[in-house]
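The values are calculated or read from the model by the stated rules, or taken from the named source; none is laboratory data. What you are looking at is a predicted structure, and each value in this text was computed from that prediction instead of being measured. Ideal geometry is used to build each Cβ from the backbone, glycine not excepted, and the neighbour counts take in all protein chains shown. Surface accessibility is based on the protein's heavy atoms, side chains included, excluding ligands, DNA and RNA. Shrake-Rupley method; radii C 1.70, N 1.55, O 1.52, S 1.80 Å.
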Amino acid sequence: MIKLINVYKSFGKKHVLRGVNLTIEPNKTTVILGPSGSGKSTIIKHMVALLKPDKGEVWVEGINLAEATEEQIFAVRKRVGFLFQSGALFDSMNIYDNTAFPLREHTKLSEKEIEVEVRKRLEMVGLKFEEVAHLYPDELSGGMQKRAGLARTIILNPEIILYDEPTSGLDPITSDLISRMILKLQHEMGTTSVVISHDIKESFKIADKMAMLYEGKIIAYGDPEFFKTTDNPIIRRFIDGISDIEID
């Protein structure tokens, strides 16, 4: 469903991706780990053509986004949900209108049908419609904002969901809640999920597969048990929380 082949990306003189090769298995959750600033978010932005590689191929649903037309990119994006690190809710809209926005933009549903879908998605992520629909993003806690953002992300029934640091900045209890939401959606919707994270504890809870990005390349790929038991010194230091890994 998603495959990156020899992907390179630089910003000025900073070489972020240096030949990334990665295959994302369908209907599973893959967590991409790596130190802060290592290029994890850069990888998933390539998966929706928010960035294009300097070199290499990015295949999503049979389309190479590195060479795709705007029409092809638009078609892929309609099948992909993207939860940004901040939640990326519109400050000027209440939670109802935020969640309804993709339906109004991309479907011909009536307002009555939209209300049914908004209610369903908010409840799927553990938010009570009557309590939050009329509120604005700044009236919600960080965890509730993430969940509202997730409701909007899934409103079009995406086949693929990309999560950019979904537990970043959250307390342990809320982080656990978000992780359980990801698992719930994976089970109920059968999506292919890609999660960018440096939260080791939560990553082990949700991952079917894990990949480690280091110095611009994927240096390891496997199931969580492999990452728990490997003697690879870079992975061991990262998992054990030793923070002196150097980033170019």
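If you go through segment 92-142 and pick out every residue that is modelled with pLDDT under 90, within 21 Å of S179 (Cα to Cα) and surrounded by fewer than 19 Cβ atoms within 10 Å (Cβ to Cβ), you end up with 4. Residue count for segment 62-102 under the criterion of being farther than 22 Å from I196 by Cα and part of a strand (DSSP E or B): the result is 1.
For the criterion of being touching an Asp or Glu at 6+ places or on another chain (Cβ under 9 Å) and either aromatic (F, W, Y) or at pLDDT 95 or above (or both), K205 fails.
Among the residues of segment 31-61, those that are in a strand (DSSP E or B) and open to solvent by less than 10 Å² (accessible area, probe 1.4 Å) comprise V31, I32, L33, V58, V60.
Between V76, V20, V80, V48, the distinction of being at pLDDT 95 or above and of a type in the set (A, V, I, L, M) belongs to V20 only. Out of the residues in segment 62-78 that are exposed (fewer than 15 other Cβ atoms within 10 Å of the Cβ) and of a type outside the set (V, I, T), state the one that is nearest to P102 (Cα to Cα). Among those that are exposed (fewer than 15 other Cβ atoms within 10 Å of the Cβ) and of a type outside the set (V, I, T), it is K78.
Taking residues in segment 65-84 that are more than 24 Å from P166 (Cα to Cα), and partners anywhere that are buried (at least 18 other Cβ atoms within 10 Å of the Cβ), the pairs with Cβ atoms closer than 6 Å and at least 6 places apart or on different chains are L65/A49; L65/V58; A66/P53; A66/V58; I73/A49.
If you filter segment 150-169 down to residues that are without any contact (Cβ under 8 Å) to a residue 60 or more places away in the chain and small (G, A, S), you find that the one that is most open to solvent (accessible area, probe 1.4 Å) is G169. For segment 170-186, filtered to residues that are of a type in the set (A, V, I, L, M) and part of a helix (DSSP H, G or I), the residue that is most open to solvent (accessible area, probe 1.4 Å) is I173.
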